[in-house]
Structures are given as C-alpha cells and as structure tokens.
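Some notes on the structure that comes next.
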Amino acid sequence: FTLMDAIIKGVSQEFPTGELIFFRNLCAFIPLLLYVWLRGGRLTLRTRNIWGHAMRGGFGVISMFFLFYSYLVLPLSDAIALGLSGPIFVTVLSVPILREQVGWRRWSAVIAGFIGVVIMTRPGPGVFDIDAVWPLLGAVFYAFAMISIRRLGSREPSSSIVFYFSAFSVLASLITIPFGRVDSSFQWVMPQHFWSCVELFAIGLLGGTAQILLTNAYQRARASVVSPFDYTALVYRLILAWIFFLE
C-alpha cells in the first residue's frame, strides 16, 4: 500500500480520482488470479452473504475515494497523519460490533501509534484546512471496511472477498464518469505516454497484492490485533515523501 500511495500521489494531477480507483481495482484481478492459481486454481464465487460483500465493497470504495483525493489536495505526510487515525476507529468499532475484548496493551499500542504519527510527521497548517476532512472520512470508512472483512472472514474465503470488492469498486468508479461533464476535475483522460500506463498498472498490481495480504490478516486475527500494524507504513511513506516529493 505504501508504494501504491506514492504512485497515486505522483499521478493524481494527471488522472481524476475515479479513474485511479478504476485501474487500481481492474488491474488488481491479476494478483488475485495468481493467488487463486497458487492455492489450487479454484475461485469460489458462490456466496450466501452478498449483502456482506456489498457493505464491504461500499465502505471500501468510499474510503478509497476520500484517501486518494486527499493525496491530491494535501501534502502526502499530512494526508497520512490523518488517514492513519483508522486503527483507532477499527479498535473502537471492534468492541460493540465484533464483541472483541480489547485490553490496555492494545489500546496503548493504538494510542502510542497515533501519537507517533503526529510527532514524526509534524503536520503543517494544511491539517487544519477544510481539506483535512477527506482523510479523516477515509479513515472512518476504512475502519468499517476492515470490520466487514472480519465479519465475512469466518464464512467466506479471502479470494472471494477480494474478488467481490474489486468488482464492486470497478463498477462504482464508473459512476464518476458523468460528473466529468459538470466538473473537469472528474473528467477521465487517456494516458498520454507509456509510463502512465505502467504507473496505472502498478497501482492495481500493488493494491491488489496488498488487499490479499490485508484480507488474510483480518481473517486470521482479531481486528484490534491487526490494526496497530498500519502504523508501520508511516516510516516508509515518510521516506518516499521526502525522496520523491521533497516534503
């Protein structure tokens, strides 16, 4: 996800958010099919919980839109600092929704992680701008998406969860096309050179691989255990923001 976010930040001026979501999920089918092949070559699409998949897809694509858009309007470090409030929401929601027991050690890990985010990024004035609402909303919907994965995980294989999410997100991203007639910032554009195609392909390849790993993690462990590990991405993202975006 760290590498994917850096590429999205780099191309966000060239492509609208809806188009980035489209390619992120369309190209994600490549690692998904490879994952299925490595596990025996069978993709199970039969499900008795289509509503659960719809909720996971809806929460996920809304979160993706807000987070991707925040990379456009905020410095990468500020967007990350606010977006990484997600583990706090995951831990809070896991108590009433999943009935998880969260001890003081996990609460301490989440709180210490977020304090570390603030200290390390030293968010600038942009954090107090109205645009700061986008990564915060993205973090809230991200938390609901991870809770949905945890609830689906006991009944659905990880490959079907990722498949339905990617398919839902591809279709949902197409809804943004008509908005391009009203607002040019939503208007989809044709890639102008070879490297743009490579970057769009890489976004989907990296995002799909990360989605498979994340889904497996939330299937195997409690949400309050997995979510604090999101903070490890901060170090990598700060390095990439410093090297490639001079932040």
Within the stretch 197-213, the count of residues that are in contact (Cβ under 8 Å) with a residue 40 or more places away in the chain, out of contact with any Lys or Arg (no Cβ under 6 Å at 6 or more places or on another chain), open to solvent by less than 70 Å² (accessible area, probe 1.4 Å) and more than 21 Å from VAL73 (Cβ to Cβ) comes to 8
Quickly run through the stretch 175-186 and pick out the residues that are part of a helix (DSSP H, G or I), loosely packed, with under 13 Cβ neighbours inside 10 Å and of a type in the set (Val, Ile, Thr). ILE175
Kindly list, by first and then second residue, each pair from a residue in the stretch 219-242 that is under 22 Å from ASP78 (Cβ atoms) to a residue that is crowded, with 21+ Cβ neighbours inside 10 Å and among the acidic types (Asp, Glu), limited to pairs with Cβ atoms under 7 Å and residues at least 6 apart or on different chains. ARG237/ASP5
Could you tell me whether any residue of the stretch 166-174 is within 13 Å of the chain's Cα centre (by Cα) and either open to solvent by 30 Å² or more (accessible area, probe 1.4 Å) or more than 28 Å from LEU93 (Cβ to Cβ) (or both)? no
Determine which single condition ILE30 fails, assuming it passes every other condition in (1) buried (at least 20 other Cβ atoms within 10 Å of the Cβ); (2) closer than 18 Å to THR209 by Cβ. (1)
Flag if ARG105 is of a type in the set (Lys, Arg) and either within 17 Å of the chain's Cα centre (by Cα) or over 18 Å from ARG150 (Cα atoms) (or both): yes
Every residue in the stretch 143-165 that is open to solvent by 40 Å² or more (accessible area, probe 1.4 Å) and either within 22 Å of PRO228 (Cα to Cα) or under 13 Å from the mean Cα position of the chain (by Cα) (or both), please. PHE144, ARG150, ARG151, SER154
Here is a check on your reading of the model: is VAL189 in contact (Cβ under 8 Å) with a residue 40 or more places away in the chain, over 30 Å from THR91 (Cβ atoms) and surrounded by fewer than 16 Cβ atoms within 10 Å (Cβ to Cβ)? yes
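The values are calculated or read from the model by the stated rules, or taken from the named source; none is laboratory data. What you see is a predicted model, and the numbers here were worked out from it, not measured in a lab. Cβ: placed from backbone, ideal geometry, glycine included. Neighbour counts: every protein chain shown. Quick note on the areas: whole protein, heavy atoms, side chains included, nothing else; ligands and nucleic acids left out. Shrake-Rupley method; radii C 1.70, N 1.55, O 1.52, S 1.80 Å.
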